[in-house]
2 protein chains.
Amino acid sequence: MKKRSYNCGLDAAVDVVGGKWKALILWALHREPLRFGELKRAISGISEKMLIQQLREMETYGLVHREVYHQVPPKVEYSLTEFGDSLNTALLPLGEWGEKHMETIEAIPRD
Amino acid sequence: MKKRSYNCGLDAAVDVVGGKWKALILWALHREPLRFGELKRAISGISEKMLIQQLREMETYGLVHREVYHQVPPKVEYSLTEFGDSLNTALLPLGEWGEKHMETIEAIPRD
DNA sequence: TCAGGTACTGACCTTTTTGTAAGTGTGGGG
DNA sequence: CCCCACACTTACAAAAAGGTCAGTACCTGA
């Protein structure tokens with residue numbers, strides 16, 4: 001997040017969900033709350049550092065809720081708030097678009 | 001665009017529309033084709049370099065069409081392809097979400 | 001005593017993205 | 001003859017994002 005004012009809602013939304021991982025995390029939490037380790041395993045390729053960093057940001061955005069269980073070994077569960085859920089819903093058509101055009105997108109030459 | 005394979009459609013879509021400017025450009029072209037200079041004026045804050053860079057990428061993605069008129073001074077018009085238009089449509093709910101929650105988003109503390 | 005699982009944290013570095021500023025080519029108008 | 005509009009292009013620099021890897025604290029069971 002870098003800006004303070006936006007030209008349009010899309011601008012603002014992309015700012016919130018932008019980056020490499022946030023959409024994936026949102027998606028992973030859509031079905032059910034997950035623990036840190038579970039999330040890590042669910043999202044292939046993400047490092048612990050990025051996962052926490054993104055989760056923390058999304059927490060401050062009010063998109064996810066962090067629930068700590070005082071146990072040993074520790075257990076922390078992440079879940080979507082209503083706000084996060086509404087964003088996920090708004091992202092559905094985009095996800096479908098991506099799904100539908102996946103092959104085209106993958107075929108785009110890079111560099 | 002960096003990846004070749006995606007976990008889900010959302011992942012792929014965010015890759016296509018990611019970055020600071022693409023969504024804005026898509027949006028600006030939604031109403032009507034625009035010339036380079038018009039786009040530049042329409043999207044406040046964008047530099048010429050970024051504008052062209054993004055336009056070129058979006059052209060290779062097949063999202064926008066570039067039409068050159070051989071005149072002096074030169075005239076180049078950019079418009080959305082059907083593909084670009086379909087992406088724009090898929091982005092509408094996200095734009096509405098951003099619009100609706102704009103104040104919340106702007107109020108999020110940064111750094 | 002000691003390794004192991006869990007959820008982080010921090011230092012450091014590389015890559016990617018974005019920005020700034022100046023320069024290019026063309027023909028028409030002053 | 002010079003300057004302007006327009007659509008770029010290039011070199012360089014700064015900033016943001018992402019990645020690696022080692023280390024912390026806690027209790028538990030072997």
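Things to note:
- Leading residue by the ranking (farthest from DNA strand D (Cβ to nearest atom)) among those in region B:54-78 that are surrounded by 15 or more Cβ atoms within 10 Å (Cβ to Cβ) and hydroxyl-bearing (Ser, Thr, Tyr): B:Tyr61
- Index of the failed condition, A:Leu87 passing every other in (1) out of contact with any Lys or Arg (no Cβ under 8 Å at 6 or more places or on another chain); (2) part of a helix (DSSP H, G or I); (3) surrounded by fewer than 20 Cβ atoms within 10 Å (Cβ to Cβ): (3)
- Residue check for B:Ile43: in contact with a helix residue (DSSP H, G or I) (Cβ under 8 Å, 6 or more places away or on another chain) and within 14 Å of DNA strand D (Cβ to nearest atom): yes
- Residues of region A:76-111 that are within 16 Å of the chain's Cα centre (by Cα) and more than 7 Å from every other protein chain (Cβ to nearest Cβ): A:Glu77, A:Tyr78, A:Ser79, A:Leu80, A:Thr81, A:Glu82, A:Phe83, A:Gly84, A:Asp85, A:Asn88, A:Thr89, A:Leu92.
- Inspection of region B:90-108 identifies no residue that is hydroxyl-bearing (Ser, Thr, Tyr), more than 14 Å from DNA strand D (Cβ to nearest atom) and surrounded by 15 or more Cβ atoms within 10 Å (Cβ to Cβ).
- Condition check for A:Asp15: under 19 Å from B:Pro109 (Cα atoms), at the interface with chain B (Cβ under 8 Å from one of its Cβ atoms) and near DNA strand D (Cβ under 10 Å from one of its atoms): yes
- Identity of the residue in region B:27-75, of a type in the set (Val, Ile, Thr) and away from chain A (no Cβ under 14 Å), that ends up nearest to DNA strand C (Cβ to nearest atom): B:Val72
Readers should treat all values here as calculations from the given coordinates under stated rules, not as data from a laboratory. Remember, predicted model here, so these are calculated numbers, not experimental data. So basically every Cβ, Gly included, is an ideal-geometry build from the backbone, and we count neighbours across all protein chains shown.
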